[in-house]
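A short write-up of the structure that comes next.
The values are calculated or read from the model by the stated rules, or taken from the named source; none is laboratory data. Because the structure is predicted, anything quoted here is derived from the model rather than measured. Don't worry about glycine lacking a Cβ; one is built from the backbone with ideal geometry, like all the others, and counts go over all protein chains shown.
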Amino acid sequence: MNRLEEISARRELLVKRAAVQRNVVGEMVEHIQRPFGLVNLGMALINYVKARPVISVGLTTAFLIAKPRRFISWGKKIWVIWQLYHSWKTTKTPI
């Protein structure tokens, strides 16, 4: 084998090894993609509220004026609705 053939064979080996490593990393990322998506959503919500201080003031004022029990009761209702929606979304079969 001359030097160019050795380099070509080595390159082919490295390309195959890189493909295997990409697949392994892709499988690893699948497991953490959803938690990072939730973190990303939370950060987007925080940035949205930070960019609009009126929302923070409005929610704080509403919480102080209204009875906290009302917010807890609405929070429970919203949580149940979210759980039902999420359950429906995950069990829904594609057409």
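Tell me yes or no: at least one residue of the stretch 57-65 is of a type outside the set (D, E, K, R) and loosely packed, with under 10 Cβ neighbours inside 10 Å. Spell out the reasoning first.
We begin by selecting, within the stretch 57-65, every residue of a type outside the set (D, E, K, R); these are 57-65.
Retained after the next criterion (residues that are loosely packed, with under 10 Cβ neighbours inside 10 Å): 64-65.
Yes, there is a match, as at least one residue in the stretch 57-65 is of a type outside the set (D, E, K, R) and loosely packed, with under 10 Cβ neighbours inside 10 Å.
Residue-by-condition table, conditions (1) surrounded by 10 or more Cβ atoms within 10 Å (Cβ to Cβ); (2) at pLDDT 90 or above; (3) part of a helix (DSSP H, G or I); (4) aliphatic (A, V, I, L, M):
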site	(1), (2), (3), (4)
GLU5	no, yes, yes, no
ALA9	yes, yes, yes, yes
ARG17	yes, yes, yes, no
GLU30	no, no, yes, no
PHE36	yes, no, yes, no
Does any residue of the stretch 75-89 turn out to be among the β-branched types (Val, Ile, Thr), out of contact with any Gly (no Cβ under 8 Å at 6 or more places or on another chain) and exposed (fewer than 10 other Cβ atoms within 10 Å of the Cβ)? no
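Within the stretch 50-95, restricting attention to residues that are in a helix (DSSP H, G or I) and among the polar types (S, T, N, Q), which residue is farthest from ARG34 (Cα to Cα)? Write out each step before concluding.
From the stretch 50-95, those in a helix (DSSP H, G or I) are 50-51, 53-65, 68-91; that's our starting set.
Those still in the list that are among the polar types (S, T, N, Q) too: 56, 60-61, 73, 83, 87, 90-91.
Details: SER56: 28, THR60: 31, THR61: 34, SER73: 29, GLN83: 16, SER87: 16, THR90: 13, THR91: 17 Å.
Looking at residues that are in a helix (DSSP H, G or I) and among the polar types (S, T, N, Q), I get THR61.
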Consider PRO53 carefully, then state whether it is loosely packed, with under 10 Cβ neighbours inside 10 Å and within 30 Å of THR90 (Cα to Cα). no
